[in-house]
Amino acid sequence: MSNEVVEALEVWIDQDLCTGDGICVQYAPEVFELDIDGLAYVKGDDAELRQAPGATVPVPLPLLTDVVDSARDCPGDCIHVRRVSDSVELYGPDAE
Ligand code: SF4
């Protein structure tokens, strides 16, 4: 087993289920942004939105709590946070 303190995580949004309420943007505006289509997208540290379906961005460690809270409170159940190493979802609708 790895002894690393924190595993690298990434996050993506299923826009098909996004309600556009903007809760995620309130929690973590560094990672989520509403586009002009009214749907939320993940955003990289270059401030560019990732608009390809299923596109992910890394979860910055200082924002982990905000991103996890977003996934928990997302009314569309469409924020997915997964482990980079094996793509297992840890927070979100497909987490165990
Ligand atoms: S919280 Fe969920 S449903 Fe609301 S804007 Fe963000 S991704 Fe969309």
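The values are calculated or read from the model by the stated rules, or taken from the named source; none is laboratory data. Note that the structure is a prediction, hence the values are computed from the model and not measured. Cβ coordinates were reconstructed from backbone atoms using ideal geometry, including for glycine residues, and neighbour counts include every protein chain displayed.
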Looking at the structure I just gave you, is Val11 touching a residue at least 40 places away in the same chain (Cβ under 8 Å), buried (at least 19 other Cβ atoms within 10 Å of the Cβ), more than 13 Å from the ligand (Cβ to nearest atom) and of a type outside the set (Phe, Trp, Tyr)? no
Answer yes or no: is there a residue in segment 1-8 that is more than 19 Å from Glu96 (Cβ to Cβ), in contact with a strand residue (DSSP E or B) (Cβ under 6 Å, 6 or more places away or on another chain) and of a type in the set (Gly, Ala, Ser). no
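Across segment 73-92, what is the total count of residues that are surrounded by 13 or more Cβ atoms within 10 Å (Cβ to Cβ) and within 15 Å of Ala40 (Cβ to Cβ)? Spell out how you get there, then give the answer.
Within segment 73-92, the first condition is being surrounded by 13 or more Cβ atoms within 10 Å (Cβ to Cβ), and the residues that meet it are 73-74, 76-84, 89-92.
Remaining after also requiring within 15 Å of Ala40 (Cβ to Cβ): 73-74, 76-81, 92.
The number of residues fulfilling the criteria is 9.
Restricting to segment 69-93, count the residues that are within 14 Å of the ligand (Cβ to nearest atom), assigned to a loop (DSSP other than H, G, I, E, B) and among the charged types (D, E, K, R).
1
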Can you give me the number of residues within segment 37-79 that are over 16 Å from Leu90 (Cα atoms), at pLDDT 95 or above and of a type in the set (Asp, Glu)? 3
Looking at Leu17, is it hydrophobic (A, V, I, L, M, F, W, C), in contact (Cβ under 8 Å) with a residue 40 or more places away in the chain and more than 13 Å from the ligand (Cβ to nearest atom)? no
Residues to consider are Asp37, Asp66; find the one that is acidic (Asp, Glu), assigned to a helix (DSSP H, G or I) and free of Cβ contacts under 8 Å to residues at least 40 places away in the same chain. Asp66
Using the structure shown, decide if Glu96 is of a type outside the set (A, V, I, L, M, F, W, C), surrounded by fewer than 18 Cβ atoms within 10 Å (Cβ to Cβ) and assigned to a strand (DSSP E or B). no
So which residues in segment 45-71 are over 11 Å from Asp14 (Cα atoms) and surrounded by fewer than 14 Cβ atoms within 10 Å (Cβ to Cβ), if there are any at all? Asp45, Asp46, Ala47, Glu48, Leu61, Pro62, Thr65
For Val59, only one of the following conditions fails: (1) more than 11 Å from the chain's Cα centre (by Cα); (2) away from the ligand (no atom under 14 Å from the Cβ); (3) β-branched (Val, Ile, Thr). What is its number? (1)
